[in-house]
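> The structure under discussion is supplied below as structure tokens; questions concerning it will follow.
Bear in mind that the values in this text are calculations on the coordinates, not laboratory data. The structure presented is a predicted model; accordingly, all values stated were derived computationally and were not measured. Cβ placement follows ideal geometry from the backbone for every residue including glycine, while neighbour counts extend to all protein chains displayed.
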Amino acid sequence: MLGSEDRAALESILGAPGLILDPPAMAGYGAAARYGGGAPAGVLRPRTTEEVSKVVAYCIRRRLPYVPQSGNTGLVLGSTPDVTGDQLVISLERMTGVLAVDLEDRTARVSAGVRLSALNAALEPHGLFLPIDLGADPMLGGMAATNTGGARFLRYGDMRRHILGLEVVLPDREGTVLSLSDGLRKDSSSLPLRHVFIGSFGALGVITGVTLEVHRRPTAASAALLIPHEGAILDLLAAVETAAGEALTAFEGMSGAAMSRALANVPGLGNPFPKGQIPAYAVLIELTRSAPLREREPTLDDDLEAILVDIAARPASPLADALIGPADRLWALRHALSEGLRAEGPVIGFDLAFRRSAVFPFRAAAAARVAAEFPEFEVCDFGHIADGGLHFNLVPREPGPVEPARLAALRDCVHSLAVEGFGGSFSGEHGLGRANQDAYDRYVPPRVKSYSAALANVFAQAPVGALRLGPRPGDSAC
Ligand SMILES: Cc1cc2nc3c(=O)[nH]c(=O)nc-3n(C[C@H](O)[C@H](O)[C@H](O)COP(=O)(O)OP(=O)(O)OC[C@H]3O[C@@H](n4cnc5c(N)ncnc54)[C@H](O)[C@@H]3O)c2cc1C
């Protein structure tokens, strides 16, 4: 709980609307996007970089712990305080003052609290967009802090590839404001410090502004659902990548179990498969074109059909069947997968990443382990297969709570198989937070943890955020 002196000081910086202390009004800032969350000691809502700087400096001087929060769509309990009631939330939701598009430069400068949808709405009339595509609507500060990936990573990469500049408030007694490489595509005049803050989950500072390279919106998109022959998905990926080249923007894998849940539970979603028969596995591919169509040039739909006919006709083709359909309808199925699973109870989600070649061997081994040791769960996975990303989701077969010890054993089984058995990552794109602190403690090498903690100390004068970066007691010295 904040003392009356702290309340008065923070209110004098932020004004009354900038400080929330009423528990019902704070509840939304404590609740996580999916499950869990905590209890804020108070919610601070600055509107400008200067206000962020002042509240950060105040918190550091008074040793008040805080967690930065943007859209609160994060999935690893990084953006919410813990249950102690001791941590403040610094919400960036009122930091929406700057949204400036530079058409000549093809860049945009935004305050941290601007939502992805608001940026894209401002860019659309100019035929531009930020090509990070996901089933949530986060804020740009949070996206920089988590280095968001998404479904079109294959073609456009993650946030890091688009960020040309960052403004950051450091967790020191002055609330130092750092401006890093503001808007230059090329700048080798100093160490590229902005990259340290991208994907730092709020542990190194509060991001208050982002400058982004934005892209030409596609003028055409064509999509298809591909049914691969068993064991042939990587051959299919290689065939499509070779034939479509740069036009290939997505290669998204969906298990039959996940598609069935989406089709059963998400209203208005049409079943695209002939006779409604859902295959064991399908891949959504998308081709896009940004240049206008020239006279007599084949359309993208023609291109896609020709590519698939050619692949299907090859001896020992990896493609069993294909269905070309309206891109928005096929993407609707892909984007409904999470919601479809959640409708059936608490989803035990794992955001894993592998080398491409390890994705399906891991999937087979993990499914066998789950069937043998945790038969009360069904595997309902989907993944950004071309990026090695696998959302290995487990849904309880029967409703009801999962015992904490059972859940811990399940998480341990999947994580150790992924990291130790298949050389993968326990956090592909959702970042770090309290939900995967145990995996960080266990699988990140002590030397990496030590350097990470030392780097955080360069910027911070007090521990910040939900994450503990340093080695845990008992890690071998380095
Ligand atoms: C339905 C759904 C689908 C999703 N799909 C994807 C996906 O495909 N790919 C993907 O990568 N993610 C995905 N996510 C996860 C999430 O949307 C992303 O991680 C997103 O970038 C988080 O942004 P946010 O604004 O919501 O940040 P928050 O959730 O508010 O914060 C996330 C983390 O960043 C820190 N932080 C927030 N703002 C700042 C700031 N200004 N300065 C410093 N630190 C800050 C927080 O402390 C926290 O650690 C999905 C989430 C949902 C709910």
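> To check you understand DSSP bridge types, tell me what percent of the beta bridges within the chain (both residues inside) are antiparallel, rounded to 5. Present the calculation step by step, with values, prior to reporting the outcome.
Values: 58 of 65 bridges.
Beta bridges within the chain, antiparallel portion: roughly 90 percent.
> Normalise the Cα radius of gyration of segment 256-307 by 2.2 N^0.38 Å (N = residues in it) and let me know the number.
That works out to 1.61 for segment 256-307.
> Compute the acute angle (0 to 90°) between the alpha-carbon long axis of helix 300-313 and the principal axis of greatest extent of the alpha-carbon atoms of the chain; round to the nearest 10°.
60
> To continue, here is another question. What is segment 47-181's relative contact order, in percent, from Cα pairs under 8 angstrom and six or more apart in sequence? Don't skip to the answer; put the middle values down first.
Working: 212 pairs, mean separation 35.2, N = 135.
This gives 26 percent for segment 47-181.
> Tell me, in nm to one decimal, what length is gained between Ala31 and Leu293 on full extension, where the rule is 0.36 nm per residue of separation less the Cα-Cα distance?
Working: separation 262, 0.36 × 262 = 94.32 nm, distance 4.77 nm.
Length gained, Ala31 through Leu293: 89.5 nm.
> Relative contact order for segment 253-372 using alpha-carbon pairs under 8 Å, separation at least 6, rounded to a whole percent?
So the answer I get is 36 percent.
> Also: Working from Cα positions, state the angle (0 to 90°, nearest 10) between the long axis of helix 256-265 and the longest principal axis of the chain.
Compared with the principal axis, the helix lies near 70 degrees.
> First select every other residue whose beta carbon is under 14 angstrom from the beta carbon of Phe251; then total the charges, Lys and Arg +1, Asp and Glu -1.
Summing Lys and Arg as +1 and Asp and Glu as -1 gives -3.
> Quick one: net charge of Ala456's neighbours, Cβ under 13 Å, K/R +1, D/E -1?
Details: positive: Lys449, Arg468; negative: Asp172.
Result for the local shell: +1.
> A further question on this structure: Can you compute 3J(HN,Hα) from phi for each residue in segment 130-145, using the Karplus curve 6.51 cos²θ - 1.76 cosθ + 1.60 with θ = phi - 60°, rounded to whole Hz and x for Gly and Pro?
Taking θ as phi minus 60°, the curve returns 9, x, 9, 10, 8, x, 9, 10, x, 9, 5, x, x, 5, 5, 5 Hz for segment 130-145.
> Fewest to most neighbouring Cβ within 10 Å: what's the order for Met1, Met139, Met26, Met95?
Neighbour counts put them in this order, fewest first: Met1, Met26, Met95, Met139.
> Any chance you could run the full-extension gain for Arg161 through Ser260? It's 0.36 nm times the residue separation minus the Cα-Cα distance, nm to one decimal.
32.2 nm
> Along the Cα→Cβ direction, 7 angstrom out, place labels at Ile324 and Asp438. What is the inter-label distance in nm?
With each label point 7 Å from Cα toward Cβ, the separation is 4.9 nm.
> Just report the Cα centroid separation between segment 108-144 and segment 151-215, whole Å.
15
> I'd like the Karplus ³J(HN,Hα) series for segment 97-102: coefficients 6.51, -1.76, 1.60, θ = phi - 60°, whole numbers in Hz, and an x wherever there's a Gly or Pro.
Result, rounded to whole Hz: x, 10, 8, 10, 9, 9.
> Let me have the relative contact order for the chain, percent, based on Cα pairs under 8 Å that are six or more residues apart.
15
> Fully extended, how many nm does the chain gain between Ala313 and Val448 (0.36 nm per residue separation, minus their Cα-Cα distance)?
Length difference between fully extended and current span is 43.7 nm.
> Starting from segment 321-412, pick out the GluC sites (Glu not before Pro) whose DSSP state is loop and whose Cβ has at most 16 other Cβ atoms within 10 Å. If you can, show how the numbers build up before the last one.
Numbers: sites: Glu339, Glu344, Glu373, Glu376, Glu378; in loops: Glu344, Glu376.
When the GluC sites (Glu not before Pro) of segment 321-412 are filtered for loop state and at most 16 Cβ neighbours within 10 Å, Glu344, Glu376 remain.
> Continuing with the same structure: To make sure I understand, if each residue's beta carbon is the centre and we count other beta carbons within 10 Å, what order do Ile324, Ile307 fall in, fewest to most?
By the 10 Å Cβ count, ascending, the order reads Ile324, Ile307.
> If you don't mind, another one. Can you tell me the order of 203-211, 72-80, 174-182 when each peptide is scored by its average per-residue count of other Cβ atoms within 10 angstrom, highest first?
The peptides rank, most packed first, as 203-211, 72-80, 174-182.
> Work through the residues other than Leu333 whose Cβ is under 14 Å from its Cβ and net out their charges, Lys, Arg +1 and Asp, Glu -1.
Local net charge: -1.
> Moving on to the next point. If I model a spin label as a point 7 Å beyond the Cα along the Cα-Cβ vector, how far apart are those points for Glu398 and His126 in nm?
5.8
> Can you list the residues, at least 5 places off or on another chain, whose amide H is less than 5 Å from the amide H of Ala220, using H built in the peptide plane?
Those lying under 5 Å, H to H, from Ala220 are Arg289.
> Now a separate question. Give the distance, in whole Å, between the Cα centre of segment 282-305 and the Cα centre of segment 21-55.
Using only Cα atoms, the two centres lie 45 Å from each other.
> How large is the Kirkwood hydrodynamic radius of the chain, in angstrom, based on all distinct alpha carbon pairs?
For the chain, inverting the mean 1/r across all distinct Cα pairs yields 23.9 Å.
> Starting from the Cα of Glu11, step 7 Å along the direction of its Cβ; do the same at Ala332; then give the gap between the two resulting points in nm.
Those two pseudo-labels are separated by 5.0 nm.
> Hey, what do the phi angles of segment 11-28 turn into as Karplus ³J(HN,Hα) couplings, whole Hz, using 6.51/-1.76/1.60 and θ = phi - 60°, x for Gly and Pro?
Taking θ as phi minus 60°, the curve returns 5, 5, 7, 9, x, 4, x, x, 10, 10, 10, 7, x, x, 6, 7, 4, x Hz for segment 11-28.
> In addition: Taking amide H positions as placed in the peptide plane 1.01 Å from N, state which residues far from Asp133 in sequence (5 or more) or on other chains have amide H under 5 Å from it.
Under 5 Å from the amide H of Asp133 lie the amide H atoms of Ala151, Arg152, each far enough along the sequence or on another chain.
> While we're on this one: I'd like the orientation of helix 49-62 relative to the chain: the angle between its Cα long axis and the longest Cα principal axis, in ° from 0 to 90, rounded to 10.
Helix 49-62 sits at roughly 60 degrees to that axis.
> Summing -39500 (n - 2.57) over the DSSP H runs of n ≥ 4 in the chain and dividing by its residue number, what mean residue ellipticity at 222 nm do you reach, to the nearest 500 deg cm²/dmol? Mind showing how you got there, number by number?
Details: 16 runs with 159 residues, N = 478.
Calculated from helices alone, the mean residue ellipticity at 222 nm is -9500 deg cm²/dmol.
> Over what distance in Å are the Cα centres of segment 1-17 and segment 315-387 separated?
48
> Another question, if that's okay. Are there any trypsin sites (Lys or Arg not before Pro) in segment 364-418 that are in a DSSP loop and have at most 14 other Cβ atoms within 10 Å? List them by number.
Sparse-neighbourhood loop trypsin sites (Lys or Arg not before Pro): Arg397.
> Among Gly38, Thr249, His391, whose Cα projects farthest towards the positive end of the dipole of the chain, with charges put on the beta-carbon of Lys, Arg (+1) and Asp, Glu (-1)?
Comparing the listed Cα positions along the dipole, Gly38 ranks first.
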